[in-house]
Amino acid sequence: MNTKKHILDLSVAQVRELSAGYVEIHLRAADGKMPEMLPGQFVQVRVDGSPETFLRRPISVNLLTRTGAEGGACCDATGNDGAADELWLLVHAVGDGTRALARLQAGDTLNIVGPLGNGFTLPAEGADARPLLVGGGVGTAPLLFLGQELAARGVRPTFLLGGRREADIMQLEHFRRFGDVALTTEDGSAGERGFVTQHSLWRDAAYTQIYTCGPKLMMVNVARMARERGIPCEVSLENMMACGLGACLCCVENTVDGHVCVCTEGPVFDAKRLNIDH
Amino acid sequence: MSSLTTHIGALTLKNPVMTASGTFGYGLEFEDLVDLTRIGGIIVKGTTLEPRQGNPYPRMAETAHGMLNCVGLQNKGVDYFCKHIYPQIKDIDSQFVVNVSGSSPETYAECAARVAELERIEAIELNISCPNVRQGGMAFGTTCAGAASVVKAVRAVYPKTLIVKLSPNVTDITEIARAVEAEGADAVSLINTLMGMAIDAERQRPVLSIKTGGLSGPAVKPVALRMVWQVFEAVQIPIVGLGGIMNATDAVEFLLAGARAVEIGTANFIDPAVTVKVVDGINEYLDRHNCASVEDIIGAAH
Ligand SMILES: Cc1cc2nc3c(=O)[nH]c(=O)nc-3n(C[C@H](O)[C@H](O)[C@H](O)COP(=O)(O)OP(=O)(O)OC[C@H]3O[C@@H](n4cnc5c(N)ncnc54)[C@H](O)[C@@H]3O)c2cc1C
Ligand SMILES: Cc1cc2nc3c(=O)[nH]c(=O)nc-3n(C[C@H](O)[C@H](O)[C@H](O)COP(=O)(O)O)c2cc1C
Ligand code: FES
């Protein structure tokens, strides 16, 4: 499915600091309406407050809440008055650009280009789908939106979220609205101790589809576990980007079909197409 | 409202703003975001006779006011372009120009000959200045004899407007410009990217897969402007100026230095609609300076 791309000046409705270095940014359009976006897609954000940051930064669509829609329920908890659609971004401040985004305040303007990329493959209507969504760190961002879309289709997903410590696992209250949640932390401060791939749910996993986003090594291991169990797996990559539009060819991943652009043919790939899975 | 029409040899552009090769895809990638018919010319991705995979990832590094790339001419080959891309762009009301590259004078010429058959493509831009491929590319663009050999081979098979894109990675760019003019080039465009590199201090390794890359963006503008100025004084053929143009004022500076048209590259990544803003800004500039035509300011700073 093709979504139309836009250049939008959005206003920052709210910025919530979730834990040290992680912020959730709520954005609204002047007319109150957000264009159609798909789970797994991203936007290219212009970073105005950082002279060091020349290029835009790709950030996943974390959630899209529509006024009056089912998913709107989760807005109440975070103070959306329901007056406008909201696009949420979850940002981990790792460098100059993302640190400048984390400094945004309500009332600021943020220029984005999007939605970009392909998005996750959703199960067919009425299918008996039991998806497992595996995320690590800020890679959980697109999985919230995916969970919302799955729930809206009557599918109850299982989320398996991992982090170094409890503070790295965010938006739990929202994930719990859409499905069952399992956790791992490396220090054991929340859920089971260890990595997502060591969680006990893998023992009797009867999932029909796995979706994963997070550090590359984690995704490689998740894709391997999926392959061993014969479960289809989609992986969301985070290659460095310049244009985000398929024009510069900077973001390529070496796939079984050669170099392909992550920004247009991805960021979501069938794990079988990637050379990581061998 | 002034006249923005400009001519590059036999090629007529409705305005002097084009997009730079490798930064605007085939235009189609930007269709949702900018009105392609308002752009004077669209120079498509570097195209070679055979398909190329380009260099390994990572191919990009951000720098102060610019970026380095080492894409290395990844493309699906000229036949793919003719068969699959050309039908999608041929009815769009802008001037599409194919950026042609090769590994020998023969492969440049063969690629150009195939593009010559496309009715709606009235010009090619010969890339003898790509710093990111081992064979060909910049190897031709850095010596007068190399540049002349490619232009000569292509001129023999390509009757339409032939623009030759020059490398800034030379001691004296005017020598190369004169050499390609002597072989019958209709115009020169300059500059391609400046060779550079980035090192990751933490990893203590080069950032780019092939270690070096081409620098583009506002960081290169003063160098580009100086070269356009020098080439304007050295050759008679039209000049297309580029390198770091971010807005209309930048574009006007290139026109004043002697360019008959400009190309916008890296700026498209920051603002995908920058081209039409530059067109509007040039128009506004001409009105403010009581110029009836863009021709009035070309080379006016000399
Ligand atoms: C499709 C896609 C979706 C993304 N979604 C999100 C998201 O929802 N939330 C979020 O916080 N981040 C996301 N990222 C990563 C984000 O784009 C980078 O963290 C950001 O570009 C870093 O910019 P900076 O200026 O802060 O850091 P820089 O100063 O540029 O770099 C700081 C550090 O971050 C690393 N880095 C830079 N770019 C990337 C990248 N693209 N991926 C991974 N590491 C990088 C650098 O190697 C360096 O070590 C996404 C990336 C992609 C490609
Ligand atoms: C990602 C990227 C890819 C490029 N690919 C090509 C190419 O295929 N052929 C070419 O002649 N120039 C290529 N260039 C060079 C640009 O066309 C232009 O000469 C250069 O970037 C300077 O202009 P700018 O500063 O406006 O970007 C490329 C530049 C970039 C940034
Ligand atoms: S980032 Fe430019 S092609 Fe993907």
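The values are calculated or read from the model by the stated rules, or taken from the named source; none is laboratory data. Just so it is clear, the model here is predicted, and its values are computed rather than measured. Positions of Cβ are backbone-derived with ideal geometry, glycine not excepted, and every protein chain shown enters the neighbour counts. What goes into the accessible areas is simple: the full protein's heavy atoms, side chains included, and nothing from ligands, DNA or RNA. Shrake-Rupley method; radii C 1.70, N 1.55, O 1.52, S 1.80 Å.
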>> With the requirement that a residue be outside any helix (DSSP H, G or I), touching a helix residue (DSSP H, G or I) at 6+ places or on another chain (Cβ under 8 Å) and under 21 Å from B:T171 (Cα atoms), what does segment B:238-258 give you?
In response: B:I239, B:G241, B:L242, B:G243, B:G244, B:G258
> Considering only residues of segment B:211-237 that are part of a loop (DSSP other than H, G, I, E, B) and over 15 Å from B:I298 (Cβ atoms), which is most open to solvent (accessible area, probe 1.4 Å)?
Replying inline: B:K211
>> Just the residues that are within 12 Å of chain A (Cβ to nearest Cβ) and over 15 Å from the mean Cα position of the chain (by Cα), please, taken from segment B:1-53.
In response: B:L28, B:E29, B:F30, B:E31, B:D32, B:L33, B:V34, B:P51, B:R52, B:Q53
> Got a sec? Which of B:A177, B:A139 is at pLDDT 95 or above and either of a type in the set (A, V, I, L, M) or in contact with a strand residue (DSSP E or B) (Cβ under 8 Å, 6 or more places away or on another chain) (or both)?
Replying inline: B:A177
> Which residues, counting only those in segment A:14-27, are open to solvent by less than 40 Å² (accessible area, probe 1.4 Å) and either assigned to a strand (DSSP E or B) or under 23 Å from A:C243 (Cα atoms) (or both)?
Replying inline: A:S19, A:Y22, A:V23, A:E24, A:I25, A:H26, A:L27
>> Filter segment A:241-261 down to the residues that are touching a residue at least 40 places away in the same chain (Cβ under 8 Å) and within 11 Å of ligand 1 (Cβ to nearest atom) and list them by number.
In response: A:M241, A:A242, A:G244
> Restricting attention to segment A:207-216, does a residue exist that is in contact with a strand residue (DSSP E or B) (Cβ under 6 Å, 6 or more places away or on another chain) and open to solvent by 40 Å² or more (accessible area, probe 1.4 Å)?
Replying inline: yes
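Conditions (1) closer than 22 Å to A:W88 by Cα; (2) within 16 Å of ligand 3 (Cβ to nearest atom); (3) not acidic (D, E), marked per residue:
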site	(1), (2), (3)
A:G162	yes, no, yes
A:I169	yes, no, yes
A:R177	yes, no, yes
A:A182	no, no, yes
A:G191	no, no, yes
A:A223	no, no, yes
A:P232	no, no, yes
A:N239	yes, yes, yes
>> Suppose we keep only residues that are more than 7 Å from chain A (Cβ to nearest Cβ) and among the hydrophobic types (A, V, I, L, M, F, W, C) within segment B:67-85. Which one would you say is surrounded by the fewest Cβ atoms within 10 Å (Cβ to Cβ)?
In response: B:C82
> Would you say A:T53 is in contact with a helix residue (DSSP H, G or I) (Cβ under 9 Å, 6 or more places away or on another chain) and either basic (K, R) or surrounded by fewer than 21 Cβ atoms within 10 Å (Cβ to Cβ) (or both)?
Replying inline: yes
> Could you count how many residues in segment B:246-274 are among the β-branched types (V, I, T), within 17 Å of B:I297 (Cα to Cα) and buried (at least 20 other Cβ atoms within 10 Å of the Cβ)?
Replying inline: 2
>> From the list A:E234, A:E238, exactly one residue is away from ligand 2 (no atom under 16 Å from the Cβ), touching a residue at least 60 places away in the same chain (Cβ under 8 Å) and in contact with an Asp or Glu (Cβ under 8 Å, 6 or more places away or on another chain). Which is it?
In response: A:E234
> Filter segment A:1-44 for residues that are farther than 16 Å from A:E86 by Cβ and of a type in the set (D, E, K, R); which is farthest from the other protein chains (Cβ to nearest Cβ)?
Replying inline: A:E17
>> Looking for something open to solvent by 20 Å² or more (accessible area, probe 1.4 Å), in a loop (DSSP other than H, G, I, E, B), in contact (Cβ under 8 Å) with a residue 24 or more places away in the chain and within 21 Å of A:T67 (Cα to Cα) - is there at least one such residue anywhere in segment A:93-108?
In response: yes
> Any idea how many residues of segment A:245-271 are within 12 Å of another protein chain (Cβ to nearest Cβ), of a type in the set (A, V, I, L, M) and either in contact with a helix residue (DSSP H, G or I) (Cβ under 9 Å, 6 or more places away or on another chain) or in a strand (DSSP E or B) (or both)?
Replying inline: 4
> Can you pull out the residues in segment A:244-258 that are open to solvent by less than 30 Å² (accessible area, probe 1.4 Å) and not aliphatic (A, V, I, L, M)?
Replying inline: A:G244, A:G246, A:C248, A:C250, A:C251, A:E253, A:T255, A:G258
> Which numbered condition trips up A:C263, out of (1) open to solvent by less than 10 Å² (accessible area, probe 1.4 Å); (2) touching a Gly at 6+ places or on another chain (Cβ under 6 Å); (3) more than 16 Å from ligand 3 (Cβ to nearest atom)?
Replying inline: (3)
>> Filter segment B:236-262 down to the residues that are within 14 Å of chain A (Cβ to nearest Cβ) and not small (G, A, S) and list them by number.
In response: B:M246
> What pairs can you find where one residue is in segment A:33-46 and farther than 16 Å from A:I7 by Cβ and open to solvent by less than 20 Å² (accessible area, probe 1.4 Å), the other is more than 9 Å from ligand 1 (Cβ to nearest atom) and part of a loop (DSSP other than H, G, I, E, B), and their Cβ atoms are less than 9 Å apart, with a gap of 6+ or different chains?
Replying inline: A:P39/A:G119; A:P39/A:F120; A:P39/A:L122; A:G40/A:N118; A:G40/A:G119; A:G40/A:F120; A:G40/A:T121
> What strands (runs of 3 or more DSSP E) completely inside segment B:5-56 contain at least 1 residues that are surrounded by fewer than 17 Cβ atoms within 10 Å (Cβ to Cβ)?
Replying inline: B:6-8, B:11-13
> Does at least one position in segment B:273-287 carry a residue that is without any contact (Cβ under 8 Å) to a residue 24 or more places away in the chain and either in a helix (DSSP H, G or I) or more than 16 Å from ligand 1 (Cβ to nearest atom) (or both)?
Replying inline: no
> Which residues, counting only those in segment B:57-66, are closer than 13 Å to B:I199 by Cα, assigned to a strand (DSSP E or B) and at the interface with another protein chain (Cβ under 8 Å from one of its Cβ atoms)?
Replying inline: B:M60, B:E62, B:T63
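Residues are listed down the side, and each one gets a yes or a no for (1) free of Cβ contacts under 8 Å to residues at least 40 places away in the same chain; (2) open to solvent by 50 Å² or more (accessible area, probe 1.4 Å); (3) within 14 Å of ligand 2 (Cβ to nearest atom):
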site	(1), (2), (3)
B:G137	no, no, yes
B:V157	no, yes, no
B:K165	no, no, yes
B:A182	yes, yes, no
